[in-house]
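Inspection log for the structure reproduced underneath, given as C-alpha cells.
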Amino acid sequence: MLKNGVMMQYFEWYTEDDGKHWKRLKEDAKHLSEIGVTSVWIPPCFKGTGKNDNGYGIYDLYDLGEFDQKGTVRTKYGTKEELIAAIDELHKYEIQVYADVVLNHKAGADGTERFKAIEVNPDDRNQTIGEAYEIEGWTEFTFPGRKGKYSDFQWHWYHFSGTDYNQENEKKAIYRIEGQNKGWADDGTVDNEYGNYDYLMYADIDYSHPEVIKKKKKWANWFIEETGIDGFRLDAVKHINENFIYELRESIEANFGKEFFIVGEYWDQNYTNLNSYLDSQDYKLDLFDVGLHHQLEQASKKGQEFDLTHLFDQTLLKNNPMQAVTFVDNHDSQPNQSLESFVEPWFKPIAYGIILLRKEGYPVLFSGDYYGIQGDHPVEPQREVIDNSMYLKKNFAYGDQADYLDHVNCIGWTRSGNEEYPKGCAIVISNSEAGYKDMFVGREKKGFVYEDYLGNCTETVTIDEEGNGHFIVEPGSLSVWVSRED
C-alpha cells in the first residue's frame, strides 16, 4: 500500500469499444498525477472472446493485443504496444499500474473434446444429478493465431474441473468433469455458497492439476517482466483454490519482492469470511472492503434511518486496516451489472469523503464516478466533488485520527497533520438535518479560524483556548474544515 496512496479503477463496464482506451490512459497520466492518483487499476488486458469482450471472458493470457485471434488483433482496449506505452507513461509520473488478472476460467475454446462428466445441482454443487456420461465440451485451447509464441502450452479437458455446455445435445448445465484426481476444489479452499462455489462460469480451471499450477506461475513471471506491471487485482478469488493463490503469491514475491502489490476480489460482505480468507493467505495480500461498500450503499438508500455510529462495523477498514482496499462503487456494482449495489448520487460526496479522508485503507476512485458511466443508463460524473476531496487528502488528511462516531445521524473525525503537512483537518457528516461536532484539533491551533473547504457551510469556526472547535454541517452533506489561510 502506497503512503497516502489513491488508486483509480480506470474503466467501467461500458467503456467505449473503440480500441483507444490505452491511448486515453497514456494521455491522462499527467492529470492523474496532478490530482493525487498514485496507482491505476487497469481492465483485463488479455484477449477475450472477441474485440468487445471486457476481458472477463478470458481466452489467452499470453495475447495482450498482439495476435489475430477471436476475430481481432487488439483487445477492447487497444494493442499490446499501446498498453506498454501507457504503463511506461504512468511510470514516468510515479504512478503504479495494477493489472486485472482473470485466473478462474477460460472462454472461447478453439475446439471440443469428449470426456466424462456429471451434472450437479446448481444450488448445491456437491449434489450430483443422475449418472456420469460422456459429453462434448469446449475445452480445447490451441491458440492457432499465436502459433506457440511465448508458450507452447495447450489446454485440454483434464486441465479443467467443470464446464457449462454439452455441444452434443446443446444442453446447458453445470457439469463436473470426471476422471482420476478430478472434482471441485476441497470445500474449505473455496467459498461455500451453493455448497461449493468452485464453479463460476465457462471452463473452470482445475488448480489441483500440477501442470496447471506450474504453467500459471510461469505465465505470471512472463507477464510481469513483459509489461513492468506493479501489481495484480485478482478476479473472483473466492472461486479459486486458496492454496493455489498462496503458492502464486509466494512465487511472485520470490521473483519480484514483497513490494509487488496484490489485492483479491472476494465479493462477500460478511467480515468473518473475508478475515478467514486473509488468514489463509497469512495476511500477505489485500482485499476489497465489500462490507464497507454495502454499508455506504445502505446509508445512501436509507438516509436518516441509517445509524452512522455503526458505519464501520464488520468492515475491513475497522478490523483489518492494513489489508483494506476501500471503494464506493465499481464495474460490478454499477447499474445493470451482476452485483448491482450502486451508491445513490446524493451520498457520493459523503462516501468519497469517508474513504479518502480516513487514516486507514487504500481508497479507490471509480472512473464511472469520476468520468461518468456510458451505456443505455448513463450516469453523470461527480468529478468536481471527487477533485475537492482528492485535494483535501493530498494536502491535509495526514497524521493521527480522533473519532467522534457518537450520533446516529452526525459523525466526525479529525486528522492532526504531520511534520510535512501540519495543518490537519476536521470532517463532519450528516445524513439527516443540520448538525455539529465539538472536536479537538490541538491547543497549538488556539485562535485559528477554520472554513469549510467544500463550501457547504459559509460560517467560520474559531478554535478556543483548549484547542476545540464547534464544527457544523448542513443537512445530508459533508463539511471538511481547514484553517482559513488555506
Relative contact order of the chain, please, whole-number percent, based on alpha carbon pairs below 8 angstrom and at least 6 residues apart. 11
Just the ratio, please: alpha-carbon radius of gyration of region 101-201 over 2.2 N^0.38 Å, N its number of residues. 1.11
Name the residues of region 160-176 whose amide N is less than 12 Å from a point 7 angstrom out from the Cα of T142 along the C-beta direction? none
Cα gyration tensor category, rounded, prolate or oblate, for region 156-197 with a/c compared to 1.5: oblate
For region 116-260, with equal point scatterers placed on the C-alpha atoms only and solvent neglected, what are the log10 I(q)/I(0) values from the Debye formula at q = 0.12, 0.13, 0.14, 0.16 1/Å, to two decimals? -0.56, -0.65, -0.74, -0.93
For region 1-111, whose charge dipole is built from +1 on Lys and Arg Cβ atoms and -1 on Asp and Glu Cβ atoms, the candidate among Y10, G65, T75 with its Cα farthest towards the positive end is Y10
Taking the Cα atoms of the chain, report the difference between the largest and smallest coordinate on each principal axis, in whole Å and largest first. 81, 46, 45
List the equivalent ellipsoid semi-axes of region 1-91 in whole Å, largest first, each obtained as the square root of 5λ for an eigenvalue λ of the Cα gyration tensor. 25, 12, 11
Kirkwood Rh and Cα Rg combined as Rg over Rh, evaluated for region 257-381: 0.97
Dipole axis of region 184-324 (+1 Lys, Arg; -1 Asp, Glu on Cβ), positive-most option in F312, L278, F232: F232
A chain fully extended from S338 to E444 at 0.36 nm per residue, minus the present Cα-Cα distance, gains in nm 33.0 nm
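Relative contact order for region 338-427: what percent, with Cα pairs under 8 Å and sequence separation of 6 or more? Walk me through the intermediate numbers first.
Numbers: 109 pairs, mean separation 18.1, N = 90.
Worked out over region 338-427, it gives 20 percent.
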Nearest 0.05, what FRET efficiency do Q127 and N52 give at R0 = 41 Å with Cβ-Cβ as r? 0.65
How large is the charge dipole for region 198-250, taken about the Cα centre, if only the Cβ atoms of Lys, Arg (+1) and Asp, Glu (-1) carry charge, to the nearest 20 debye? 80
Give the residue from S430, A397, G368 lying farthest towards the positive end of the charge dipole for region 348-434; charges sit on Cβ (+1 for Lys and Arg, -1 for Asp and Glu) and the dipole is referred to the Cα centre. A397
Sorting check: for 29-36, 372-379, which peptide has the highest mean count of neighbouring beta carbons within 10 Å, and how do the rest follow? 29-36, 372-379
Please list 253-263, 287-297, 236-246 highest first by mean number of surrounding beta-carbon atoms within 10 Å per residue. 287-297, 236-246, 253-263
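Once you charge only the Cβ atoms, +1 for Lys and Arg and -1 for Asp and Glu, what is the size of the charge dipole of the chain about its Cα centre, to the nearest 20 debye? Spell out each step's value before the answer.
Working: 50 positive and 86 negative charges, 221 e Å.
Charge dipole of the chain: 1060 debye, to the nearest 20.
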For W346, what accessible surface area do you get with a 1.4 Å probe? Give it in Å², rounded to 10. 100
In debye, nearest 20: dipole of region 204-290 around its Cα centre with unit charges on the Cβ of K, R (+) and D, E (-)? 240
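Mind checking the per residue accessible area of the chain for me, 1.4 Å probe, whole number of Å²? Before the final figure, lay out the partial values.
Details: 19750 Å² over 486 residues.
The answer is 41 Å² per residue.
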Distance from region 148-176 to region 108-133 (C-alpha centre basis), Å: 11
Region 345-454 shape via C-alpha gyration tensor axes, a/c threshold 1.5: prolate
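When only the heavy atoms of the protein chains count and the probe is 1.4 Å, how do K20, K437, K3, K92 rank by accessible area, highest first? List each step's numbers first, then the result.
Details: K20 110, K437 15, K3 175, K92 150 Å².
The ordering from most to least exposed comes out as K3, K92, K20, K437.
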Indicate the gyration tensor shape class of region 306-352 (rounded, prolate or oblate), computed on the Cα atoms with a ≥ b ≥ c the square roots of the eigenvalues: a/c under 1.5 is rounded; otherwise a/b larger than b/c is prolate and the rest oblate. oblate
Quick one: accessible surface of Y158, probe radius 1.4 Å, all protein chains present, in square angstrom to the nearest 10. 90
Region 426-486 - Rg over Rh from alpha carbon coordinates, Kirkwood radius: 0.96
When the accessible area of the chain is split by element with a 1.4 Å probe, what percent falls to carbon and sulfur? 44
Residues in region 391-407 that a label on E420 would reach, taking backbone N under 19 Å of a point 7 Å out along Cα→Cβ: 391-401
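The values are calculated or read from the model by the stated rules, or taken from the named source; none is laboratory data. Keep in mind that this is a model prediction, so the values were computed, not measured. Every residue, glycine as well, gets a Cβ built from its backbone with ideal geometry; the counts of neighbours run over all protein chains shown. Areas reflect the complete protein model, heavy atoms only, side chains present, ligands, DNA and RNA absent. Shrake-Rupley method; radii C 1.70, N 1.55, O 1.52, S 1.80 Å.
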